[in-house]
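Colleague: Sharing a structure here in structure tokens format.
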């Protein structure tokens with residue numbers, strides 16, 4: 001599988017097993033796997049069923065079988081808090097959109113699974129940029145906004161720009177340019 005460059009030291013691969021409707025995106029630094037996100041094609045169901053049906057009503061270009069649920073995601077500690085988590089989700093959304101067109105995107109907490117605090121923050125960030133329902137926040141014990149509820153996001157066009165990570169990484173400008181269509 002051919003890797004696509006992200007920056008001087010990062011690249012990624014994307015694969016989708018058609019028969020199983022599973023998408024897999026892996027981020028590498030050299031030969032070392034530093035991040036991974038997997039999604040499964042599903043229909044509206046679970047905790048987000050009503051929200052997904054409402055999003056389908058609002059955006060008829062997505063269909064009942066156009067829902068992708070992130071089942072797993074992970075990122076090495078050194079990349080957490082620097083924008084790379086959101087980058088992985090946006091790359092996955094861009095790759096899926098290129099192959100399937102408009103779709104609904106939801107976290108694993110919509111099913112029986114769990115979603116980490118870091119992943120919830122990524123979902124909440126995406127929900128501010130893309131049409132969404134759910135993802136309510138509340139004041140946490142340390143007086144920060146803590147995302148609590150599940151939600152559904154409509155990906156109606158491929159993300160054109162990635163969120164700029166917050167670190168002082170000199171490769172970020174190149175990284176951002178490499179992801180723009």
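The values are calculated or read from the model by the stated rules, or taken from the named source; none is laboratory data. Given the structure is predicted, the values throughout are model-derived calculations rather than measurements. Every residue, glycine as well, gets a Cβ built from its backbone with ideal geometry; the counts of neighbours run over all protein chains shown.
Colleague: Which ones in the stretch 65-82 are closer than 18 Å to residue 23 by Cβ and either exposed (fewer than 15 other Cβ atoms within 10 Å of the Cβ) or in contact with a helix residue (DSSP H, G or I) (Cβ under 8 Å, 6 or more places away or on another chain) (or both)?
Modeller: Scanning the stretch 65-82 gives 65, 66, 67, 68, 69, 70, 71, 72, 73, 75.
Colleague: Further question: Please indicate, with yes or no, whether at least one residue in the stretch 99-119 is within 16 Å of residue 157 (Cβ to Cβ) and in a loop (DSSP other than H, G, I, E, B). Show your work before the answer.
Modeller: Start the filter on the stretch 99-119 by keeping residues that are within 16 Å of residue 157 (Cβ to Cβ), which leaves 99-105.
Narrowing the set further to residues that are in a loop (DSSP other than H, G, I, E, B) leaves 101-102.
Yes, some residue in the stretch 99-119 is within 16 Å of residue 157 (Cβ to Cβ) and in a loop (DSSP other than H, G, I, E, B).
Colleague: Something else now. Would you pick out the residues in the stretch 50-75 that are more than 12 Å from residue 153 (Cα to Cα) and modelled with pLDDT under 85?
Modeller: Result: 63, 64, 65.
Colleague: Further, regarding this structure: Tell me the residue from 98, 93 that is touching a residue at least 12 places away in the same chain (Cβ under 8 Å) and touching a strand residue (DSSP E or B) at 6+ places or on another chain (Cβ under 9 Å), please.
Modeller: 93
Colleague: Those residues that are out of contact with any helix residue (DSSP H, G or I) (no Cβ under 9 Å at 6 or more places or on another chain), on the phi < 0 side of the Ramachandran plot and either at pLDDT below 90 or surrounded by 20 or more Cβ atoms within 10 Å (Cβ to Cβ) (or both), I need them from the stretch 83-112; list them, please.
Modeller: 84, 92, 95, 96, 97, 98, 99, 100
Colleague: Give the residues of the stretch 16-37 that are at pLDDT 90 or above and under 23 Å from residue 100 (Cα atoms), sorted by residue number.
Modeller: 22, 23, 24, 25, 26, 27, 36, 37
Colleague: Could you go through the stretch 70-78 and let me know if any residue there is under 18 Å from residue 125 (Cα atoms) and not in a strand (DSSP E or B).
Modeller: Scanning the stretch 70-78 turns up no residue that is under 18 Å from residue 125 (Cα atoms) and not in a strand (DSSP E or B).
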